[in-house]
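The values are calculated or read from the model by the stated rules, or taken from the named source; none is laboratory data. Keep in mind the model is a prediction, meaning the values are calculated, not measured. In this analysis, Cβ positions are derived from the backbone assuming ideal geometry, glycine residues included, and neighbour counts consider all displayed protein chains.
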Amino acid sequence: MKIRGRIFAVDDDELIVSMLARGLKKEGYAVHFQTTPQDVVANIIAWQPDIVFLDVDLAEEMTGFDILAAIKKEGLEAEVVMLTADDSAESAIRAMKLGAIEYFTKPFNLDEIKIITGNIIDNIRRKAEIDYHRKNTCPYFEHGLVGESPCIMEIIRKAEKLVQARAETILVTGESGSGKEVLARHLHCRRQKEEGVGQGQSPFFAVNCTALPENLIESELFGHVKGAFTDARTDKKGIFELAGDGTLLLDEIGDMRLDLQAKLLRVLEERTVRRLGGSVDLPVQATVIVTTNKDLQAASEQGGFRKDLFFRLSAFALELPPLREREDDILLLARHFLRYFSSKYLKKGIKGFSVDAERAMLAYAWPGNVRELRNIIERCVVLEEMETITREHLLPNLAGWADAAAVASARIILPEEGLSLEGLEKDLIRQALERTGANQTKAAKLLGISYDTLRYQMKKFALV
Ligand SMILES: Nc1ncnc2c1ncn2[C@@H]1O[C@H](COP(=O)(O)OP(=O)(O)OP(=O)(O)O)[C@@H](O)[C@H]1O
Ligand SMILES: [Mg+2]
């Protein structure tokens, strides 16, 4: 069973604290407790809990309030719940002022404690995720994974197998903009469903390994304890901890420093993480999805990427083909984005694409993949007032559009009634010869065939 959270409980009444511990362990929490004030602050900090339960009347020399004040001063990022026999309002107010989140008078109802504990943990995870996303811009996920081409269907099937097998580490490769993050989010959603967790209940964290400043990346990933380095004024959870039992997406892994790659490998193999300067190994429960647009195998052969990490990652790998190799998806995605953006920008008048616009999209190479397609459709929807988006609307937006235009117009659509391939070949060869003034070398080049093939074809069609 996965650990829902870490709890430290302090109460001098052994009966109470062991009942609390047993009850919470049954709910899936890792619980540590102690009944004396000895080294309690240090022990709490070392355990790195999510929630601390503190008895107010622990001991004369050290009350629960003293511990609460001390751990807050140490910068411990945990929620504190006070337990007391004293039901006076002053005591409760004092607890809240010192930063406790809840206050229970004894004897308490264990079921109530379980519910509150669950709520606090959910809030901690949610808050961590929101905070993180606020700091890190992350492309949004409004659509789910769109695609029907055979290769996407195959990827979805494979992804399903990885979800069923509860794969802990998954590698997603593909060119920039091909949908690696979309696939990672798809895996996350499927996993939540599989595990019976409500959508959005377990966190999804995306970290771009290249976007983090060099000196921060390590503590961002693994966390640190207070004093681990000059600027470490408080404890800080790393992303592996924050992701809890959700999904952690490590983007652009191909650019990660070699020494960090070694640390990452250890985390993935041992499924534990230790904060910088820390002494406890905390369990890693998140599914870790790493992505790259680099050829990791080549990089590992050239020394730019650790071989052992590459082998580890390639055990469960999904490769997204570039959009140009997913012809069946181009128009599907284009129509999908058109619908999405015309509703978003309230441009209900736009009905669809003209035939030549569709041809141009099919002929274009999409170097920026799905992201480029999405951006172009968004721009057209915002800027155009037409009912139909035509080739002329699209082309100025396509990188290297002149080439695309040429290809688009050269693309021959098979007519309903069929055609004669030989007749077409003969006609094209004649055109090439005319255009080059019968220069056969140039004509062959124009047709993309060898001089010998051209000579052979010319004979065949009696053009000599
Ligand atoms: N199959 C898909 N269905 C719907 N939208 C998609 C799909 N693939 C990609 N997109 C869209 O394209 C954009 C880029 O996708 P994503 O961020 O997943 O690409 P990426 O491969 O992670 O790119 P990069 O390498 O630059 O990080 C997203 O905004 C998403 O909306
Ligand atoms: Mg990405």
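Output the number of the condition that THR36 fails; it satisfies all remaining conditions of (1) among the hydroxyl-bearing types (Ser, Thr, Tyr); (2) within 13 Å of ASP11 (Cα to Cα); (3) assigned to a helix (DSSP H, G or I). Of (1) among the hydroxyl-bearing types (Ser, Thr, Tyr); (2) within 13 Å of ASP11 (Cα to Cα); (3) assigned to a helix (DSSP H, G or I), only one is false for THR36: (3). Within segment 329-343, the set of residues being of a type in the set (Lys, Arg) and either outside the structural domain of HIS393 (by TED's automatic domain parsing) or under 17 Å from VAL355 (Cα atoms) (or both) comprises ARG335 only. Only one of the listed residues (ARG391, ARG374, ARG359) is closer than 25 Å to PHE341 by Cα, at pLDDT 85 or above, within 16 Å of ligand 1 (Cβ to nearest atom) and out of contact with any His (no Cβ under 7 Å at 6 or more places or on another chain). That residue is ARG374. The single condition from (1) more than 16 Å from ligand 2 (Cβ to nearest atom); (2) more than 21 Å from ALA46 (Cβ to Cβ) that ASP235 fails is (2).
Of the residues making up segment 173-188, those that are farther than 12 Å from THR247 by Cβ and either charged (D, E, K, R) or more than 6 Å from ligand 1 (Cβ to nearest atom) (or both) number 3. Report the residue count in segment 225-240 for those that are touching a strand residue (DSSP E or B) at 6+ places or on another chain (Cβ under 6 Å) and either under 12 Å from GLU77 (Cα atoms) or in a loop (DSSP other than H, G, I, E, B) (or both). Adding up the residues that qualify gives 5. Residues in segment 425-446 that are aliphatic (A, V, I, L, M) and modelled with pLDDT of 85 or more: LEU428, ILE429, ALA432, LEU433, ALA438, ALA443, ALA444. Could you check segment 163-208 and list, in sequence order, the residues that are at positive phi and either within 16 Å of ligand 2 (Cβ to nearest atom) or surrounded by 22 or more Cβ atoms within 10 Å (Cβ to Cβ) (or both)? Scanning segment 163-208 gives GLY174, GLY177, GLY179.
Can you name the condition, by its number, that ILE44 falls short on among (1) crowded, with 19+ Cβ neighbours inside 10 Å; (2) assigned to a strand (DSSP E or B); (3) in contact with a helix residue (DSSP H, G or I) (Cβ under 6 Å, 6 or more places away or on another chain)? Failed condition: (2).
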